[in-house]
1. For PHE156 and ILE66 in one chain, what is 0.36 nm times their gap in residues minus the Cα-Cα distance, to one decimal in nm?
2. Taking the beta-carbon count within 10 Å as an exposure proxy, list LEU144, LEU33 from fewest neighbours to most.
3. What is the distance, in nm, between label points placed 7 Å from the Cα along the Cα-to-Cβ direction at ASN395 and at ARG8?
4. What is the gain in length, in nm to one decimal, between SER294 and SER188 on full extension, counting 0.36 nm per residue of separation less the C-alpha to C-alpha distance?
5. Can you work out the FRET efficiency for the pair VAL267 and ILE356, with r the C-beta to C-beta distance and R0 = 25 Å, to the nearest 0.05?
6. So if I average 1/r over every pair of distinct C-alpha atoms in segment 8-188 and take the inverse, what Kirkwood radius in Å does that give?
7. Using amide H atoms built in the peptide plane, which far-off residues or other-chain residues are under 5 Å from LEU189 H to H?
8. With a Förster radius of 41 Å, plug the Cβ-Cβ distance of LEU213 and LEU35 into 1/(1 + (r/R0)^6) and report the FRET value to the nearest 0.05.
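Values quoted throughout were computed directly from the atomic coordinates according to the rules given, and no laboratory measurement underlies them. Bear in mind the structure is a predicted one, so any value in this text is a computation, not a measurement. Here the Cβ is made from the backbone with ideal geometry for all residues, glycine too, and neighbour counts use every protein chain on show.
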Amino acid sequence: MSDVSPLRNSVYSRLLSAQIIALAGTGLSTVALALLAYDLAEGDAGVVLGTALALKMVAYVCIAPIVGGYAHKLPRKTMLVALDIGRALAIGCLPFVTEIWQIYVLIFFLNSCSAGFTPTYQATIPDVLPDEKQYTKALSLSRLAYDLENLLSPLFAAAALAVLTYDALFSVNAAAFIISALLVLSCSLPASSIVQREKGVWKNLTYGISVYLRTPRLRAVLVLAMAVSAAGSMVIVNTVVYVRDYLGRSEQDLALVLMASGIGSMVVAMLLPKYLDKFSDKPVMVLGGVLMGSALFLGLLEPNFYQLMPIWFMLGAGSSMSQTPMGRLLAKSATQGDRPSIYAAQFTLSHACWLIAYPLAGWVGGKIGLDTAFLVLGVITVSSTILALVIWPKNDNEELEHIHHAHDHEHPHYHDEHHDHDHEGWEGEEPHVHPHYHPKVRHRHAYVIDIHHETWPKQGT
């Protein structure tokens, strides 16, 4: 079963098709949004686009935890379809805007829907593909889809604009989201697992981030996400300045340098499943951080155009090495029912890193100089990688021996290894809710932070 391609799974193949179609449409809209901003604001188009991107990040950081906190209460398929339709409505309204503030409102709403859709979609895939090797291949395919979108969307947009107005690109994107919704609707998704969680608005809103930050390997993943955002911001923010202003090269040369980064990411994504069969996630992800940091320090040598391309290839390759395995760590760090919350926490916290890195890369590169930008972002990348290595447990075993202290509580539950107690008859069918007592016990099993395991056990205890 493990050697079978995940594409042989009809549910996954439809979900991946939905992702690719939605990504392709979004890439077209990115170009169209720049043209719309120029039409409405002309010389201030950069300010409008910068504000829109900031609102995108704010939506990602603020909305994802809310959705993650309550995703377990909603039917998964209905939620994904509704969010796709919401994205279609938002993008479909953009051709009709006449004021800049309308762009901001629609962009915030659009990305609020994406902040709910993306982590819920990501949390669904390990349920569809419970085999770890198949899931690893699926993560690589997802990485390839993102990279192809970054590489090909500008080319598709240029071709489309030869025969269409930019307004039509928004309509194409709206249609892409509708097709995505129909593909999700056609799938038979696994039922959501029962969530054993205490009640309370604040507990639900903060649950995913709280569990994430109490899991040592995920704290290391978060620090590596800072390394990825520091290196990636150099590519996204400063490539155009380095190639066009410092090197004095053409727009075509700019496209080639950006393509080198994308190709580096794609090559690693294609090769990783084979190597992750032999090596654990930790050394692969840390090596990615080392590769990104090394590439940034090579930038201090003031590379020419031909030297810059392999450096950018290294940045793309290192980013893919650090990012692609993250889904595996998230999947094994949460119960099935808690996965939407954990994926939403990763979505929120990683985009918070980008929210720091984007303006830092732009300000340092623009105000002080590109050599200083290479240095500052290189130091952040390397120090983050070292810190991740320090934080990550040396023996990161899934099964851990631990002690449960005696306590009483109340939450929805099945009778499992944690719930072996008598009933009086009024409690109802499982899963049911009633006050119950847990005696002190010491045992060993696959360990994740949840309602019964609130702290990570110290090694050796």
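1. 28.9 nm
2. Values: LEU144 17, LEU33 24.
Fewest to most other Cβ atoms nearby, the residues stand as LEU144, LEU33.
3. According to this spin-label approximation, the distance is 3.7 nm.
4. 33.6 nm
5. Computed FRET efficiency for VAL267 and ILE356: 0.30.
6. Evaluated over segment 8-188, this radius sits at 17.0 Å.
7. none
8. Details: r = 41 Å, r/R0 = 1.00.
My answer for the efficiency is 0.50.
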